[in-house]
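Here the structure is laid out as C-alpha cells; the discussion comes afterwards.
Every number here is computed from the coordinates shown, using simple stated rules; none is lab data. All values derive from a computational prediction rather than experimental measurement. Cβ sites come from the backbone with ideal geometry, for glycine too, and all protein chains shown count toward neighbours.
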Amino acid sequence: MHANAPLVDISADFDTGNIQVLDSSNPYEIRLAILPDSCSSHFQWFHFRAEGLQVGARHAFIITNAGQSSYPNAWHGYNAAASYDGVEWLRVPSEYDGQALRFSVTAEQPSISFAYFEPYREARHLALIERASQLPGVERIACGNSLQGRDIPLFRAGDGTPAKRKVWLIAQQHPGEHMAEWFMEGVIEALEQREPWMQALLQQAELYLVLNMNPDGAFHGHLRTNAAGKDLNRAWQDASEEETPEVRFVLDQMDLHGVDVFIDAHGDEEIPHVFTAACEGNPGYTPRLAELEAAFRDALCKQTPDFQQQHGYTRDAPGQANMRLACNAVGQRFDCLAMTLEMPFKDHLDAPQPRAEWSGARSARLAQDLLKVVSALVPRLR
C-alpha cells in the first residue's frame, strides 16, 4: 500500500454488477478482470462501484482480460461509461493496447460507478413494468417466467381486435445489451404521452411488448446468456422449458395472437452505428418483404439522423439465414416484416455526442422515431 494512500473499495455485489478485483494495493492503479457469464465462457459486460477515492487525485482502472473477451476488437474506439450518482452517465477516455483496457478519472467525489454501458437496473425494470401496468388501454395479457422464476410479462396496447395489425417489440435477449430496455422505456413513454401519431398507430395496430427477455442474465451481470448459459437469440428453433423458457413463452404467445411486424432490440459491441438486420436469407423471403424492409429503412433514415444504412452486418445469401435467430425465425414463421435493431455501445459516428456517446436517452428517442415509421407502414403490412 502506498503511504498515506486511500483505501479504495471495489464492489459489484448488486444487480447487473460484474467485476473481479485482482490487485487494489495501489489505489491509483487498480487491476481488475471481467467475470464470464455464470454457465458460459462469454464475457464483456462490466459494472462496478469504486468508493474511497481521493478527491482531486487521478485514479486508473485496468481491465486486464479485455483482450480475451467475447469481442476483443470492440474495445478499439470505446470509452467506458461513468457516473457519480448512478443517474447521469458520461464517458471517460479509455485506452486499449490489445490486451488490457485502461480508463482513469480525476475524482470529483469519493465514489464513482463504471459500466460497459449505462445500465438498466432491476429497480428501474420493475418500475417500468409498473408504469406499463398503469397505462389506460394497456393490458398485461400473459406472464412467462425465466429459469430462475423472474416474471416476463407480455403487455398489449390494444383490445385484441382481430382486424388490427400486430406489432411486436422485444428487448434484451442478450442481457448485457442494456440499451435495449432503454429503448423499451421510450415505447412506454410514447404510450404515456399519447401524441397524435401514437393515437393514429393504435387505431390501426396493437403493440405487443416484452420489456426484457432475459431478466436473469441482466441481474447477474451476464453479457449474452440466460441462467443456463444459453444464448436466447440462438434458441428460436428449439426453445424448451428446461433451458430457454423465455423464448418458449414468447413463441407460444406469438402463435396465439399473430405477428405482422417484429422488432428485436439489441446492441452491437463493435459497430459504432445504428442499423438493422433482416430476413434476406430466409427460404420464404419474397419481393413483398424486401419492399417493406427498404421502405422501413428509408423512412427511418428520414425520421432520425441516428439511423443509417451504410454500415452493418453482411447480408445473408438466399437460403443461408441462421434460422435459430429470432428475426429470421419469426419472419419465416409469420411471413412478416421482421428486423433486428442494433444500437452501439460506442458513440454513433454519424451523429456523435462525445459527452455521453450513445446513451439510454438516445435509445428511448430512437424507439419513438421507429414507431412513427411503423405507423406509416401499417397499411402496407398485408
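Per-structure values
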read-out	value
Karplus-derived 3J(HN,Hα), 6.51/-1.76/1.60, for each residue of the stretch 216-230, Hz, glycine and proline x	5, x, 4, 4, 8, x, 7, 8, 9, 10, 8, 5, 8, x, 9
Modelled label reach - Asp13, point 7 Å along Cα→Cβ, the stretch 50-67 residues with backbone N closer than 18 Å	50-52
Per-pair calculated FRET efficiency, R0 = 22 Å: Arg315 and Arg380 via Cβ, rounded to 0.05	0.50
Distribution of pairwise C-alpha distances over the stretch 146-228, 10 Å bins, in %	18, 42, 26, 13, 0
Percent antiparallel among DSSP beta bridges (both partners in the stretch 122-380, rounded to 5)	40 percent
Pairwise FRET efficiency - Arg140 versus Thr286, Cβ, R0 = 51 Å, nearest 0.05	0.90
Cβ-based charge dipole, the stretch 122-380, positive-most Cα from Ser359, Pro305, Met198	Met198
Per-q log10 I(q)/I(0), the stretch 9-115, q = 0.14, 0.24 Å⁻¹ (Debye; single scatterer per alpha-carbon; no solvent)	-0.50, -1.52
Reference-scaled alpha-carbon Rg (2.2 N^0.38 Å with N residues) for the stretch 118-259	1.02
Cut-off under 5 Å, modelled amide H: who pairs with Asp268 long-range	Met343, Phe345
Under 5 Å, built H, 5+ apart or other chain: amide partners of Lys164	none
Nitroxide proxy distance, nm - points 7 Å out along Cα→Cβ at Glu242 and Ala295	4.5 nm
Helix-derived mean residue ellipticity, 222 nm - over the chain, DSSP H n ≥ 4, -39500 (n - 2.57), to 500	-8000 deg cm²/dmol
Using θ = phi - 60° and Karplus 6.51 cos²θ - 1.76 cosθ + 1.60, couplings along the stretch 187-202 (whole Hz; Gly, Pro as x)	5, 5, 4, 5, 5, 5, 6, 6, 5, x, 5, 5, 4, 5, 4, 6
Phi to ³J(HN,Hα) by Karplus 6.51 cos²θ - 1.76 cosθ + 1.60 over the stretch 161-171, Hz, x for Gly, Pro	4, x, 6, 7, 6, 9, 9, 9, 10, 10, 8
Approximate spin-label separation Glu51-Glu270, in nm, with each point projected 7 Å along Cα-to-Cβ	3.9 nm
Cα-based equivalent ellipsoid, the stretch 185-314: semi-axes from gyration tensor eigenvalues, Å	26, 20, 18
Length released on extending from Val87 to Glu122, taking residue separation times 0.36 nm less the Cα-Cα span	11.2 nm
Hits among lysines - C-alpha to C-alpha of Lys372 under 22 Å, sequence gap 8 or more where chains match	Lys164, Lys166, Lys302
Virtual spin-label span in nm between Asp23 and Glu192, 7 Å along Cα→Cβ	4.7 nm
Ascending count of other beta-carbon atoms within 10 Å, so fewest first, for Val210, Val187	Val210, Val187
Cross-link reach list, lysines versus Lys230, counting only Cα pairs under 27 Å and skipping chain neighbours closer than eight places	Lys346
Ranked list, fewest to most other Cβ atoms within 10 Å of each Cβ, for Arg297, Arg324	Arg324, Arg297
FRET efficiency, Asp159 to Asn322 (Cβ-Cβ, R0 51 Å, nearest 0.05)	0.90
